[in-house]
Amino acid sequence: MVPVQAYGLGRVPSPPDRRDFRLGWLLEAQPLDVLLAQLEASSAVPEAVKAWARRATAYLRQLPEPPLPPAPPAEGPVYWPSPGPALDQGAWPHCVGFAWAGWVNAQPVEGTYGNWDGHAVYYECKWLEGRPGTEEGAYVRSGAQAMRLRGRLDAYGFAVSLEEVRAWLRAKGPLVLGTWWTEDMLELDGRGFARPTGPRVGGHAFLAVGDDPGREAVRCRNSWGEAWGERGEFWLAWSDLAALLADQGEAAAALELPR
């Protein structure tokens, strides 16, 4: 087996932060105007909350007009492809930067980020965390903030359940996941699944890009190059992802602004 150090595992996951937006709010696209009107009319709601609601509502209205990829089917597999090969972070603990770079590249709004961009996003994360230039890994939240500074997104939210992850995947697009990574996940089983058994070897960030009810699994894209896994991708069982999320894991979702 390749030494664990060669995989560049980074400092994720991070503890929950009550300041983060919850994904359930962003999934409720229809009642936004009603909610905003209720907030504006309430004297009990702080002005800062009203300002955020105005900004988030305006942001959601900036989504690109059709043509977009066809709407995902109500049943059956959903997959959000990327135009190029899987990114490769090498032995650097820059997985958060690379996961967010992969998010930029994936549909529904495709980008053209390469390995250099993944490293650059990581160092922007470290600047945001107040530890510029250090190499201990980063937090998924810092990557979202770096993407916001780059003008790729405005509001972002964290899922609190597997159901929210799947709902976002099926209706909106990919999510950046940050979980513990175990020794048995370093190599896939014969069906292309990463099994989170064995001792922990570190934290890791990667991208959820699809959902297959037939397999009862989420399709994920890693940042260890095309030679790893199934051309850089792997399956994660619903039950295993639910367990990883419950064990300090996080799933960040955002709607990418059109360029």
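Just a few scattered comments:
- Net charge contributed by nearby residues that have their C-beta within less than 10 Å of PRO174 (K/R +1, D/E -1): +2
- Loop-located trypsin sites (Lys or Arg not before Pro) in region 169-237, at most 13 other Cβ atoms within 10 Å (DSSP): ARG191, ARG231
- A simple count of charges around LEU255, restricted to other residues whose Cβ falls under 9 Å of its Cβ and scoring Lys, Arg +1 and Asp, Glu -1, yields -1.
- Local charge for MET185 was computed over the other residues whose Cβ lies under 11 Å away, with Lys and Arg +1 and Asp and Glu -1, and equals -3.
- Region 80-139-region 220-249 distance, computed between alpha-carbon centres (Å): 16
Only the coordinates and a few stated rules stand behind these numbers; no lab work does. Computed from a predicted structure; not experimentally measured. Glycine gets a Cβ as well: all are built from the backbone with ideal geometry, and neighbour counts include every protein chain shown.
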